[in-house]
1. Need pairs with beta-carbon distance below 7 Å; first residue farther than 17 Å from VAL5 by Cβ and touching a residue at least 40 places away in the same chain (Cβ under 8 Å) and within region 52-78, second in a strand (DSSP E or B) and not charged (D, E, K, R); sequence gap 6+ or separate chains.
2. Please verify whether LEU11 is of a type in the set (A, V, I, L, M), in a strand (DSSP E or B) and farther than 30 Å from GLN1 by Cα, treating the condition exactly as stated.
3. Restricting to region 38-62, name every residue that is out of contact with any Gly (no Cβ under 9 Å at 6 or more places or on another chain) and either in a strand (DSSP E or B) or open to solvent by less than 60 Å² (accessible area, probe 1.4 Å) (or both).
4. Quick check on TYR93: is it farther than 22 Å from PRO14 by Cβ, in a strand (DSSP E or B) and in contact (Cβ under 8 Å) with a residue 24 or more places away in the chain?
5. Quick check: is even one residue across region 1-24 open to solvent by less than 50 Å² (accessible area, probe 1.4 Å), in contact (Cβ under 8 Å) with a residue 40 or more places away in the chain and of a type in the set (S, T, N, Q)?
6. Within region 54-91, which residues are of a type in the set (Val, Ile, Thr) and within 10 Å of the chain's Cα centre (by Cα)?
7. Residues in region 68-89 that are of a type outside the set (Lys, Arg), touching a Pro at 6+ places or on another chain (Cβ under 8 Å) and assigned to a loop (DSSP other than H, G, I, E, B): how many?
8. I'd like the full set of residues that are open to solvent by 40 Å² or more (accessible area, probe 1.4 Å) and among the hydroxyl-bearing types (Ser, Thr, Tyr), limited to region 25-37.
Amino acid sequence: QVQLVESGGGLVQPGGSLRLSCAASGINFRFYAMGWYRQAPGKQRDLVVTITTWGSTNYADSVKGRFTISRDNTKNTVYLQMNRLKSEDTAVYYCEAGGLGMDYWGKGTLVTVSS
């Protein structure tokens with residue numbers, strides 16, 4: 001059974017930082033591209049960043065220079081370091097694994113940026 005479990009969300013003040021984690025099980029992690037997406041209230045789910053199996057990344061313009069994705073294939077985990085958070089970063093953040101013709105999603109973790 002494939003599971004992607006996000007953690008690390010919460011309430012943070014503008015300008016603050018959070019680190020999200022996504023632990024994968026049930027897949028051969030190193031063969032999957034990983035991604036973070038987010039969905040704000042009343043809006044569609046949007047790409048935040050993806051990372052390929054060889055570490056190439058693709059960031060949304062809105063997070064470039066503030067967010068950093070990384071992966072640890074020994075821990076089957078992908079991370080999202082989020083710095084200089086803004087109110088518009090408030091959303092549910094979802095982890096996605098894609099590869100070998102399959103696509104899996106986590107249930108999401110809520111990030112709220114507010115003073």
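1. THR53/ALA33
2. Here the answer is yes, as LEU11 does meet what is asked.
3. ALA40, ARG45, ASP46, THR52, GLY55, SER56, THR57, ALA60
4. No, not satisfied.
5. yes
6. Just the residues of region 54-91 that are of a type in the set (Val, Ile, Thr), to begin with: 57, 63, 68-69, 74, 77-78, 90.
THR68, ILE69, VAL78, listed by residue number.
7. 1
8. SER25, TYR37
The values are calculated or read from the model by the stated rules, or taken from the named source; none is laboratory data. Keep in mind that what you see is a predicted model, and the values were worked out from it rather than measured. So basically every Cβ, Gly included, is an ideal-geometry build from the backbone, and we count neighbours across all protein chains shown. Heads up: the accessible areas ignore ligands, DNA and RNA and are worked out on the full protein's heavy atoms, side chains in. Shrake-Rupley method; radii C 1.70, N 1.55, O 1.52, S 1.80 Å.
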